[in-house]
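Beneath this line is the structure, given in structure tokens, with notes to follow.
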There are 2 protein chains.
Amino acid sequence: MADMSSGSAPGEQADLGSAATLGKRADVGSGPAPRKRADARRNEKTLLEAAAAAFVASGVDVPVRDIAARAGVGVGTIYRHFPTRADLVAAVYRHQVEACAAAGPELLASADSPYTALTRWIDLFVDFLVTKHGLAEALQSDDAAFQTLHAYFLDRLVPVCADLLAAATRAGQVRTDIEALELLRGVGNLCIGAGKDSQYDARRMVTLLLTGLQHRPSTP
Amino acid sequence: MADMSSGSAPGEQADLGSAATLGKRADVGSGPAPRKRADARRNEKTLLEAAAAAFVASGVDVPVRDIAARAGVGVGTIYRHFPTRADLVAAVYRHQVEACAAAGPELLASADSPYTALTRWIDLFVDFLVTKHGLAEALQSDDAAFQTLHAYFLDRLVPVCADLLAAATRAGQVRTDIEALELLRGVGNLCIGAGKDSQYDARRMVTLLLTGLQHRPSTP
DNA sequence: GACGATACGGAACCGTGTTCCGATTAGCAA
DNA sequence: TTGCTAATCGGAACACGGTTCCGTATCGTC
């Protein structure tokens, strides 16, 4: 299974998550993609690496200027490749989000019960969030610029969570009044500020939430 | 019992929560307070009312300039009375925080079990947070300016929560590995973004958390 | 009414994200 | 190799938010 908590590992050959691929696919059928210039491709890769390093060093709140400086480019270059901060963040973490999404079905197939698969998957999700300083905060930020990041996470992970939840529901292991979106948002919220207070253990809170999710006829 | 979700009801005679009373008490023993000028007192009251109205209208994120305009004063006046945004927020909600703190012992005395008292108290807390747009977010913000707000809430409410939790623990009704601070932060986190998505019901998530908190020997 | 202390207003400052546009350069053709 | 042109780059400039500063206005007292 993919390791969700490892470094962000940018720098692959294929689609590095340029903003154009985040929204609706642009003008399908207008012929093959016009292939970017070499310096543009180089810069995009450099930017993703610099951003990943900056996020590790200073959290996802690191100023755009710092990322630009780290990459040795101007801020204009960042905004040409990524229309907004959130798109850059999304691009940097795209691989890990995809890995998390892919892990859902695998866990469902390998775990000894749907509920176990669900908890393991949520564990992956939590590991991902708590190891990325400020990511959970950014996801819930009401800043309009982060709407696209929020949407990307939800688009990709809600269906996976919904499948796990549905399986657990069919097995009679969980309450039936909780939706996947709600569960994911709750878990995401619990991860906020995870690294900033040693007294607060997000994983323990998520455990509580998941325990409470279990189907228990004897509700007090 | 105090109604935590009602309007903020500023405008009382006594201490309206000026910043001086939030931090450590300044120079105790240097004689009686020198009694502010009349216009200063008038402005402080006006400011609290304007801020409360602005918070209701636009959330606690409303720009300081907007509050100043609403109160018909300059921004300098705000900063003279409240050293920072967070102090203004704290002052506006001080009454409700105090009411929430006071409700703890009352509930413990009146409810039929400590766990019930705890859940009722948490309900009050949640009602408070979800009815104040952006307050839960501000509480967890890593912005240094909100540290004082965070600290105020915690100073005031953690002891109350700890008492309720201890009582429930003595009654064998809850797990023993959760601290009051952790529980409060978890609940606070779950309230983030409560009003912005009709799909997400913070109260339901808190219910899950509290259910998971219950002592259950048969852990799956 | 005068005068010192206090409080006021809002321009100015700093740090953000984002936009804009002249300078630069890659990629191609001759 | 040399031009040419469109794509790309860099960073100054803008918008917007919190906060600070200081000349001016007002209060309260003599």
Of residues in segment B:69-87 being closer than 19 Å to B:Arg37 by Cβ and part of a helix (DSSP H, G or I), the one nearest to DNA strand C (Cβ to nearest atom):
B:Gly76
Inside segment A:170-203, the number of residues satisfying the requirement of being assigned to a helix (DSSP H, G or I) and at the interface with chain B (Cβ under 7 Å from one of its Cβ atoms) is 6
Among (1) within 28 Å of A:Ala180 (Cβ to Cβ); (2) under 17 Å from the mean Cα position of the chain (by Cα), B:Ser198 falls short only on (2)
What do you reckon, is A:Val28 modelled with pLDDT of 75 or more and among the β-branched types (Val, Ile, Thr)?
no
With the checklist (1) within 16 Å of DNA strand C (Cβ to nearest atom); (2) in contact with a Ser or Thr (Cβ under 6 Å, 6 or more places away or on another chain); (3) over 18 Å from B:Ala51 (Cβ atoms) in hand, flag the one item B:Ala145 doesn't pass.
(3)
Can you confirm whether segment B:49-69 contains a residue that is at pLDDT 95 or above, more than 16 Å from DNA strand D (Cβ to nearest atom) and touching a Leu at 6+ places or on another chain (Cβ under 6 Å)?
no
Filter segment B:106-122 down to the residues that are more than 14 Å from chain A (Cβ to nearest Cβ) and either within 16 Å of DNA strand C (Cβ to nearest atom) or without any contact (Cβ under 8 Å) to a residue 60 or more places away in the chain (or both) and list them by number.
B:Leu108, B:Ala109, B:Ser110, B:Trp121
Could you tell me whether segment B:123-138 includes any residue that is within 13 Å of chain A (Cβ to nearest Cβ) and touching a strand residue (DSSP E or B) at 6+ places or on another chain (Cβ under 6 Å)?
no
In segment A:42-64, how many residues are surrounded by fewer than 17 Cβ atoms within 10 Å (Cβ to Cβ), closer than 18 Å to A:Ala90 by Cα, within 13 Å of DNA strand C (Cβ to nearest atom) and free of Cβ contacts under 8 Å to residues at least 60 places away in the same chain?
2
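Select, from B:Leu118, B:Leu88, B:Leu124, B:Leu108, the only residue that is farther than 20 Å from B:Ala168 by Cβ and among the aliphatic types (A, V, I, L, M).
B:Leu88
Filtering segment B:80-105 down to residues that are aliphatic (A, V, I, L, M) and within 16 Å of DNA strand D (Cβ to nearest atom), which residue is farthest from the other protein chains (Cβ to nearest Cβ)?
My answer is B:Ala91.
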Scan segment B:140-161 and tell me whether some residue there is within 9 Å of chain A (Cβ to nearest Cβ), in a helix (DSSP H, G or I) and within 28 Å of B:Ala86 (Cα to Cα).
yes
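The values are calculated or read from the model by the stated rules, or taken from the named source; none is laboratory data. Bear in mind the structure is a predicted one, so any value in this text is a computation, not a measurement. Cβ sites come from the backbone with ideal geometry, for glycine too, and all protein chains shown count toward neighbours.
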